[in-house]
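Inspection log for the structure reproduced underneath, given as structure tokens.
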Amino acid sequence: MFGLSELAIILLVVIAVIGAKKLPELARSAGKSARILKAEARAAKDEEAGTGPAPKVVQGEIVPPGTGTTPPGARPAGAPDHP
């Protein structure tokens, strides 16, 4: 049927028909996809081996109840669920 050289020529013609403008965009997106795939594979491998990055400890602040302060966006104690 078709040999390797014929398929290569057909591929080149299809790329020329699609347009040279789209080619850099396609290559860029393929590169981004490859980088994401490599990073995810590396993370999965590290997670499986148990050698992933150590979890970060975030220090919080303890606020005793009844101090009269309410964090922004939080409802005061005893406030109804619906306004």
Provide a single number: the residues in the range 31-50 that are within 30 Å of Ile15 (Cα to Cα) and open to solvent by less than 60 Å² (accessible area, probe 1.4 Å).
-> 3
Report yes if Val63 is assigned to a loop (DSSP other than H, G, I, E, B) and surrounded by 10 or more Cβ atoms within 10 Å (Cβ to Cβ), otherwise no.
-> yes
Residue count, the range 12-24, condition in a helix (DSSP H, G or I) and either hydrophobic (A, V, I, L, M, F, W, C) or exposed (fewer than 10 other Cβ atoms within 10 Å of the Cβ) (or both), comes to 9
Do the conditions hold for Gly73, that is, is it modelled with pLDDT under 75 and not hydrophobic (A, V, I, L, M, F, W, C)?
-> yes
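The values are calculated or read from the model by the stated rules, or taken from the named source; none is laboratory data. Fair warning: this is a prediction, and the values are worked out from it, not measured in the lab. Backbone-built Cβ (ideal geometry, glycine too); neighbour counts: all protein chains shown. Quick note on the areas: whole protein, heavy atoms, side chains included, nothing else; ligands and nucleic acids left out. Shrake-Rupley method; radii C 1.70, N 1.55, O 1.52, S 1.80 Å.
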